[in-house]
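The values are calculated or read from the model by the stated rules, or taken from the named source; none is laboratory data. From a predicted model like this one, the values you see are computed outputs, not experimental measurements. Here the Cβ positions follow ideal geometry from the backbone for every residue, glycine too, while neighbour counts run over all protein chains shown. When the accessible area is computed, the model is the full protein with side chains, heavy atoms only, and any ligands, DNA or RNA have been set aside. Shrake-Rupley method; radii C 1.70, N 1.55, O 1.52, S 1.80 Å.
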Amino acid sequence: MEIRLNTTSLTELETDCLVIGVSEDTSVEGRAKELDTLIADCLDSGDFKPKSGSQITLRKPQGLKAKRVVLLGLGKADAFDALAQNDAFVGLGKTLKGLPVTEATLDLTSLTQGHAGTLERLGYGLQWASYEYTTTKPKPADSEAKELNILSLIGSESEKKHFETGLTIGEGANLTRELGNLPGNTCTPRYLADQAVHLAERFPKLSCEVFDEDAMAEIGMHCLLSVSHGSDEPARFIILKYQGAKDATAKPKVLVGKGVTFDTGGISLKPGAGMDEMKFDMCGAATVMGCMQSICDMNLEANVIGVIAAVENMPSGAATKPGDVVTTLAGKTVEILNTDAEGRLVLCDALTYVERFDPEAVVDIATLTGACLIALGKHNTGLLSTDDALADELFQLGKETGDPCWRLPIEAPYQKLLDSNFADMANIGGRDAGTITAACFLSRFTESYRWAHLDIAGTAWFSGGKAKGATGRPVPLLVNWLRA
Ligand code: BES
Ligand code: MN
Ligand code: ZN
């Protein structure tokens, strides 16, 4: 997509589609009279109410040279927060996508009031809306949909920069969505590794290393490997290193993603209904990929490492069984009471491995527990941490970016639920507090650094129905954390 700046007055502007923001409580100063008349007419007639996200498309508007005007409602200024912005701008993107235009013009002042974050979310929302899954379901050949490929912005050079940053974050999220949406018979651990290698080939500051099962066995990642035993697809451990800091020795922030490319539950087999959605069980890994692409595109001045533990969880004669005991990379033993609690088994070895990077902080991202969906629904990502400052930072950033997370505790009394008679710990803690006991398990492998865990079981994808598909969350939250 080509992005241009345009300084022509709104009435003289020749464009296929002009987009103007209309808020409930401010009349826009300095706007052309012709436009004020047009907007007033839409409001007075009752055709348009400027509620957040509402829209009206006008053809051949009087007094303007634009072929169309789209008015986007922004609601009341103080209620138009990051969440509302994301919704409204994604909605706008869908409208633009549906119009037979290849070019459109955005009036940044009325849409964003020049706020950096709002400009970013405008770019993000349009980019998000432009994504469509076509890899195994191509668009019909006779589709006449025109692609929007030129966006003109009425605004300043610095406003354009913020808008483009948003496009970049949106592109990262769209990569995350595409990887998530791909079926399990395409997106295998080896496929994820190949994609990581290709990503690194595109950016000089990014490098990639991939361990096969022999390499993992050699260093002792037996807990991770135990998940993979039942699968014909070999596991991969993927390390993406981004060197962007001026000081090459600056401590890196580290992301660790759960990459279970399909989770049948293993011998503790899941029920059949909805099991297809367990192809999304690699959305943590996909988030790592999306974030790495975004920071590369932004040329971020920081050191960041992304690590992905990629496995397929299958039942077979070779699969790990309930009651089996395995030894982790950290040397601790785990009694696997339920083979469906596999995410923590792959993450614990990855979390031990990243100690060697002497990280500034580590955040893992995982579709870890169905219990998180029960506790927080599909709105908030679960946030669990042994570091209050890190937890506060992520909570705040989530709120500011419209990609929210909500903290649950990690406390000693919950740790006891993981006691085992036959190993240092069990991999499950019973029915109670499932999201917390999963994080308690992970916390035993993160003692040497600052760490937070994001449980994205509820937020990584939309379930069932027409909207089924990956969301790209929490890419916005994490890119903003990496930038902070
Ligand atoms: N990938 C699932 C978690 C999940 C389930 C995410 C449904 C989103 C929707 C994870 O591997 C899992 O199976 N967890 C178990 C843990 C239990 C056995 C302690 C769960 O949540 O049921
Ligand atoms: Mn599972
Ligand atoms: Zn899983």
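Tabulated data
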{"item": "Within the accessible area of the stretch 170-483 (1.4 Å probe), percent carbon and sulfur", "result": "51 percent"}
{"item": "Within straight-line cross-link reach of Lys378, aspartates and glutamates at Cα separation under 14 Å, skipping those fewer than 8 residues along the same chain", "result": "Asp403, Asp455"}
{"item": "Cut-off 18 Å, label 7 Å out along Cα→Cβ of Lys65, residues of the stretch 153-173 by amide N", "result": "153-155"}
{"item": "FRET E, pair Asp247, Asn421, Förster distance 51 Å, beta-carbon r, rounded to 0.05", "result": "0.55"}
{"item": "Alpha carbon centroid spacing (whole Å) that separates the stretch 53-80 from the stretch 274-290", "result": "37 Å"}
{"item": "Contour minus Cα-Cα distance for Lys49 and Thr186 (0.36 nm per residue)", "result": "44.8 nm"}
{"item": "Greater than 24 Å apart at Cα, pairs in Lys65/Lys97; Lys60/Lys161; Lys270/Lys468; Lys97/Lys279", "result": "Lys60/Lys161; Lys97/Lys279"}
{"item": "Ala273-Glu147 pseudo-label distance in nm [points 7 Å out on the Cα-to-Cβ vector]", "result": "4.1 nm"}
{"item": "Net dipole in debye of the chain [+1 Lys, Arg Cβ; -1 Asp, Glu Cβ; about Cα centre; nearest 20]", "result": "740 debye"}
{"item": "Residues of the stretch 311-326 with amide N under 20 Å of a point placed 7 Å along Cα→Cβ from Asn338", "result": "312-316, 319-326"}
{"item": "FRET efficiency, Ala467 to Thr134 (Cβ-Cβ, R0 22 Å, nearest 0.05)", "result": "0.85"}
{"item": "Rounded if a/c under 1.5, otherwise prolate or oblate - the stretch 29-81, Cα gyration tensor axes", "result": "prolate"}
{"item": "Helix-only [θ]222 nm of the chain, DSSP H runs n ≥ 4, -39500 (n - 2.57) each, per residue, nearest 500", "result": "-11000 deg cm²/dmol"}
{"item": "Spread of Cα-to-Cα distances over 10 Å intervals beginning at zero, given as percent, for the stretch 2-155", "result": "11, 42, 35, 10, 2"}
{"item": "Hypothetical label at Gln396: residues of the stretch 448-484 whose amide nitrogen lies under 12 Å (7 Å Cα-Cβ projection)", "result": "484"}
{"item": "The chain - percent relative contact order, Cα under 8 Å, separation 6 or more", "result": "14 percent"}
{"item": "Cα-based shape type of the chain, given that a ≥ b ≥ c are square roots of the gyration tensor eigenvalues and the cut on a/c is 1.5", "result": "prolate"}
{"item": "The stretch 80-195, relative contact order [Cα under 8 Å, separation at least 6], %", "result": "35 percent"}
{"item": "Protein-only accessible surface order, largest first, of Glu14, Glu277, Glu164 at 1.4 Å", "result": "Glu14, Glu164, Glu277"}
{"item": "Listed residues Thr112, Thr135, Gly21: farthest to the positive end of the dipole of the stretch 2-155 (Cβ charges)", "result": "Thr135"}
{"item": "Percent accessible area from carbon and sulfur atoms, the stretch 2-155, protein chains only, probe 1.4 Å", "result": "49 percent"}
{"item": "Label point distance in nm, Glu24-Arg431, each placed 7 Å from Cα along Cα→Cβ", "result": "4.4 nm"}
{"item": "Among Gly125, Asn174, Ala423 the positive-end extreme of the charge dipole of the chain (Cβ point charges)", "result": "Gly125"}
{"item": "Rounded accessible area of Ser158 (nearest 10 Å², 1.4 Å probe)", "result": "70 Å²"}
{"item": "Set of lysines with alpha-carbon distance to Lys205 below 21 Å, sequence-local pairs under 8 removed", "result": "Lys241, Lys246, Lys251, Lys253"}
{"item": "Val256 long-range amide H proximity, modeled H, under 5 Å", "result": "Val307, Val363, Asp364, Ile365"}
{"item": "Heavy-atom surface of the stretch 156-274, accessible at 1.4 Å and reported per residue (Å²)", "result": "41 Å²"}
{"item": "Average accessible area per residue (Å²) across the stretch 2-155 - probe 1.4 Å, nucleic acids and ligands excluded", "result": "50 Å²"}
